[in-house]
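For reference, the structure is listed below as structure tokens.
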Amino acid sequence: VHLLESGGGLVRSGDPPRSPCAASERPVSTYAMCWLRQAPGKDRVSVAVAAWNSDTAYADSVKGRFTITRDNAKTTMYLQMNSLNPKDTAVYYCAADWRGNIATMAGRYDYWGQGTQVTVSS
């Protein structure tokens, strides 16, 4: 599985929502898909996970603001990000886990994209 992210960039607090996406070369409908982020000087942490059965889980820091979705073909995953603030500045990574269930530990994920930078200014 190869993942390729896009859709990051520089935004200001209050700007319209951003939706980074990650595309796979083949369907990943049985995989758990996760968006993780890594801010400068900090560990990589999960922010949103979608299990194979469409169950989702979110980090407290983004709950109610971010939404993870998949397209019907199960090859593209999105992270809609609303109400961004400077604390959301990070490199955002997409990752896939063949086991399919909700998992928030970065070490659980087998396949990774290269990351996309999101910078939020106040």
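Which whole-number value in Å² is the accessible area per residue of the chain, probe 1.4 Å? Don't skip to the end; give the middle numbers.
Details: 6270 Å² over 122 residues.
Normalised by residue count, the accessible surface of the chain is 51 Å².
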Take the chain, connect every pair of alpha-carbon atoms lying under 10 Å apart with a spring to form a Gaussian network, then pick out the residue of Gly41, Gly107, Gly14 with the largest mean-square fluctuation. Gly41
Under 8 Å for C-alpha pairs, at least 6 residues apart: give me the relative contact order for region 5-64, rounded to a whole percent. 22 percent
Distance-filtered residues of region 1-44 - backbone nitrogen under 11 Å, label point 7 angstrom along Tyr111 Cα→Cβ: 1-4, 23-33
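How large, in percent, is the carbon and sulfur part of the accessible surface of region 32-114 at a probe radius of 1.4 Å? Numbers along the way, then the final one.
Numbers: 2050 of 4170 Å².
Carbon and sulfur: 49 percent of the exposed surface of region 32-114.
Take every Cα pair under 8 Å in the chain that's 6+ residues apart, average their separations, divide by the length, and report that relative contact order as a whole percent.
Working: 316 pairs, mean separation 45.8, N = 122.
Averaging sequence separation for qualifying contacts and normalising by length gives 38 percent for the chain.
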Give me, ordered by chain and number, the residues 5 or more places off Ala48 or on other chains with an amide H under 5 Å from its own placed amide H. Trp35, Ala59
Give the cross-link partners of Lys74 among the lysines, using a straight C-alpha distance below 18 Å as the criterion and excluding same-chain residues fewer than 8 apart. none
Net +/- balance of residues flanking Ser61 in space, Cβ distance below 10 Å, scoring K and R +1, D and E -1: +2
Residue-wise, which Karplus ³J(HN,Hα) couplings in Hz belong to region 45-52, taking 6.51 cos²θ - 1.76 cosθ + 1.60, θ = phi - 60°, and x for glycine or proline? 10, 6, 10, 7, 10, 10, 7, 4
About its Cα centre, what dipole magnitude does the chain give when the only charges are +1 on Lys and Arg Cβ and -1 on Asp and Glu Cβ, stated in debye to the nearest 20? 160 debye
Amide H of Tyr111: which non-local residues (sequence gap of 5 or more, or other chain) have their own amide H closer than 5 Å, using H built in the peptide plane? Ala96
Straight distance only, please: which lysines reach the Cα of Lys42 with their own Cα at less than 19 Å, same-chain residues fewer than 8 apart left out? Lys87
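The values are calculated or read from the model by the stated rules, or taken from the named source; none is laboratory data. Note that the structure is a prediction, hence the values are computed from the model and not measured. Cβ coordinates were reconstructed from backbone atoms using ideal geometry, including for glycine residues, and neighbour counts include every protein chain displayed. Quick note on the areas: whole protein, heavy atoms, side chains included, nothing else; ligands and nucleic acids left out. Shrake-Rupley method; radii C 1.70, N 1.55, O 1.52, S 1.80 Å.
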